[in-house]
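The numbers here are math on the coordinates, done by the rules we state, and not lab data. It should be emphasised that the depicted structure is a prediction, and the values quoted were computed from it without experimental measurement. With ideal geometry, Cβ positions are generated from the backbone for all residues, glycine too; neighbour counts draw on all protein chains shown.
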Amino acid sequence: MKSYAAPLEDMAFLLCEHLRIPDRTGPGGYVADAETIGSVLAEAARFVEEEIAPLNATGDREGCRFHDGEVTTPPGFRQAFGRLRALGWPLLTVPAKLGGQAMPRALGMAFNEMIASASMAFGMFPGLTRGVADMIAAYGDEELQRQYLPKLLSCECTGTICMTEAQAGSDLSLVRTLAVPAQDGSYLIRGDKIFISGGDHDLTDNIVHLVLARTPDAPAGSKGLSLFIVPKFLPQAGDEIGVRNPVHTTGIETKMGNHASPTCALRFEDARGFLLGPVHGAMGCLFAMLNKTRIGSGLQGCAVSEAAYQTALSYARERRQGRPLGPNSPNGDSGTVAIISHPDVKRTLAEIRSFVEGGRALCYRAAVLLDTAAHHSEAGDRKRAERLLAIMTPVIKAFLTEAGFNCAVMAQQVLGGHGYIVGNMVEQYVRDARLGMLYEGANGIQGLDLAMRKIRMDEGRALAAFLAEAANELETSNSDEWLGPLARVLDLARACSDGILKAEPDQVAMVAGDYLRLLGFLAMGTAWAAMGRTARAHQDEGSAFHADKLATCRFFICQVLPGAEAPAARIMAGLGVSFAVPCQPGKSAEGSEL
Ligand SMILES: Cc1cc2nc3c(=O)[nH]c(=O)nc-3n(C[C@H](O)[C@H](O)[C@H](O)COP(=O)(O)OP(=O)(O)OC[C@H]3O[C@@H](n4cnc5c(N)ncnc54)[C@H](O)[C@@H]3O)c2cc1C
């Protein structure tokens, strides 16, 4: 039995019927018709199900190995990465002028989702690589683009983002790595980075590190940071692999999950680097890339929950325990039912499914907005997309990674004690999904970004555009009396936003995580209402898929969306009082001051 089957019907529904990708003209004038989308999805599913998914459990079990300064990936990973490259998948959404297939980003999102469902760890290699390529395309001069871009875009080499240091995690202003100018215009990079995903491996010959560092004359803080391209092997003329740059892997982390993605400590010992973008302008350059990778993290949450849902669903159909409720329920050995017929199990599965499909809708919509912001001919449309993305990015990142973890835990619950046993996949999904909440900017930081910065952006126009989406959806779907919970969540979001905009920074920071959750519920509720409309428009076709979609929509709106009441209540209570948090400085076990 397959461990993962791509949800092709739902993906095609979203791309073709709901987001109407075939009616849109994308970057470079592409038009992806429904037939093309269908065949790309089917080919992608075949590749991912047959060649990536079978590696997930062994990748987790075997993990990456570190020996003599070199990292090896688990068995099968090198071959699968070679196949990914040979089949041209990394080029799917690359612009035609760079040798790509120029397909819409939303279709790329579907492919990335399949990969992350099949193996989150495997998906991190091409995902980060595309992030680095996009940065070089945006900020590299002609020479840097010529040297690095084609190989990164095709995954002939991979990329890493090297920001974190032992003393600089969420607070990158503390980065100490030095970049000393050399006479030939390059820089000598000196310092230690930790937690670098894909920092070393055996999938490709070369690795291109994007390193955050400061020049000797740089001002303190994040305004003194610059970005440098530091290849593992320096390029040389022709196709020959160049001279080894002194970037040394000093170890890999032993982690809770994602064992097949090496998390490396790297030492740069006067490694040669090349400035990317303006000196001291790193944070501005990184901003656009981090937005995309954060949407990618949200997608990982959704992708891992899809895989966990599939495992839980097939288990619930097979496992027989208990009897139907009611006075005529049989006794003894006979009359047991599959656990899927128990209302609580059914409800759990429906909740996971409603989060997965709602999350998928949010991520694919974000992809459409990214294309619109980058390429639309009308300045007004570009601006509106940018504003919506400003709010949606931290929401997608944190709400969907939290939901992804919770869904994996719910799926584990469906398997009962068997869900705790290694080999049933769900315990791996729980461990893998946990990472999304911690990296790419911990979720707490996303809440702060939203509540302290994003909702004030553009004199509040970004927030206004986001709230207007929900209001417009309610107006358009006004025949649906069961949308009451969505109207209620919109009211709560308005009231809490007003309160937050007037509150003191300390109070805002205290409720920021709950504010993000509240807007997450609102965004997903709006996405579900919109999908419900699309499903209803196709209901006449009498398809079971559309009827099912409407049922899941109603379930989310009526059973899940009221979960927004709790964060809203905490926000309103939190804004009114100043908390004495019961963890004031005290004494450690050794007696020193904490
Ligand atoms: C498996 C893995 C892969 C990674 N891959 C990469 C990579 O490829 N490249 C890279 O550069 N980094 C990578 N990271 C690092 C990751 O991005 C950081 O771990 C993350 O940014 C958080 O930093 P930290 O761990 O130092 O936590 P800290 O910054 O110490 O934060 C600890 C806690 O305090 C909270 N906190 C911190 N500051 C504030 C504040 N001002 N206000 C409120 N709360 C705050 C945080 O939300 C968090 O909950 C990876 C990490 C892991 C675990």
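On the beta carbon distance between K502 and D171, with R0 = 25 Å, the FRET formula returns roughly 0.35. Between R83 and D202, the modelled labels are 1.9 nm apart [label points 7 Å from Cα along Cα→Cβ]. For segment 442-577, the square roots of the Cα gyration tensor eigenvalues, ordered a ≥ b ≥ c, give a/c of at least 1.5 with a/b greater than b/c, which places it in the prolate category.
Computed extension length for Y420-H248: 58.1 nm, one decimal, from 0.36 nm per residue of separation with the Cα-Cα distance subtracted.
Over the chain, what is the relative contact order in whole percent, taking alpha-carbon pairs under 8 Å and six or more residues apart? Contact order relative to length: 12 percent.
With helices as the sole contributors, the chain gives -17000 deg cm²/dmol at 222 nm; each DSSP H run of n ≥ 4 counts as -39500 (n - 2.57), and the sum is divided by every residue. Among residues other than K232 whose Cβ falls under 14 Å from its Cβ, what is the net charge (Lys/Arg +1, Asp/Glu -1)? Here the count lands on -1. Largest first and in whole Å, the equivalent-ellipsoid semi-axes of segment 420-471 read 36, 14, 6, each the square root of five times a Cα gyration tensor eigenvalue.
For L575, L501, the sequence from fewest to most other C-beta atoms within 10 Å is L501, L575. Which shape class applies to segment 159-285: rounded if a/c is under 1.5, otherwise prolate when a/b exceeds b/c and oblate if not, where a ≥ b ≥ c are the square roots of the Cα gyration tensor eigenvalues? Oblate is the answer for segment 159-285, as a/c is 1.5 or above yet b/c matches or exceeds a/b. Its alpha carbons considered, segment 48-115 gives a radius of gyration followed by a Dmax of 14.7, 43 Å. Relative to the longest principal axis of the Cα atoms of the chain, the long axis of helix 34-47 makes an angle of roughly 70 degrees. Each 5 Å bin from zero holds the following percent of Cα-Cα pairs in segment 8-143: 2, 9, 17, 20, 17, 15, 10, 6, 3, 1, 0. Restriction of the GluC sites (Glu not before Pro) in segment 304-388 to DSSP coil positions whose beta-carbon has at most 13 other beta-carbons within 10 angstrom yields E378.
Placing unit charges on the Cβ atoms only, positive for Lys and Arg and negative for Asp and Glu, gives the chain a dipole magnitude near 540 debye about its Cα centre.
Across the cross-link table entries K346/K549; K255/K454; K292/K549; K292/K383; K151/K292, which are compared at the Cα atoms, the separations over 22 Å belong to K255/K454; K292/K549.
Between the helical axis of 379-414 and the longest alpha-carbon principal axis of the chain there is an angle of about 70 degrees. For the chain, the share of DSSP beta bridges that are antiparallel, to the nearest 5, is 85%.
Extension gain for A573-R61 works out to 179.7 nm (0.36 nm per residue, less the C-alpha to C-alpha distance). Packing, taken as the mean count of other beta carbons within 10 Å per residue, orders the peptides 168-174, 113-119, 197-203, 76-82 from highest to lowest as 113-119, 197-203, 76-82, 168-174. Taking a Cβ cut-off of under 13 Å around S170, the surrounding Lys, Arg, Asp and Glu residues balance to a net charge of -4, with basic ones at +1 and acidic ones at -1. Across the alpha-carbon atoms of the chain, the computed radius of gyration and Dmax are 24.5, 88 angstrom. Magnitude of the charge dipole for segment 79-220, about its Cα centre and with charges confined to Cβ atoms of Lys, Arg (+1) and Asp, Glu (-1), is about 320 debye.
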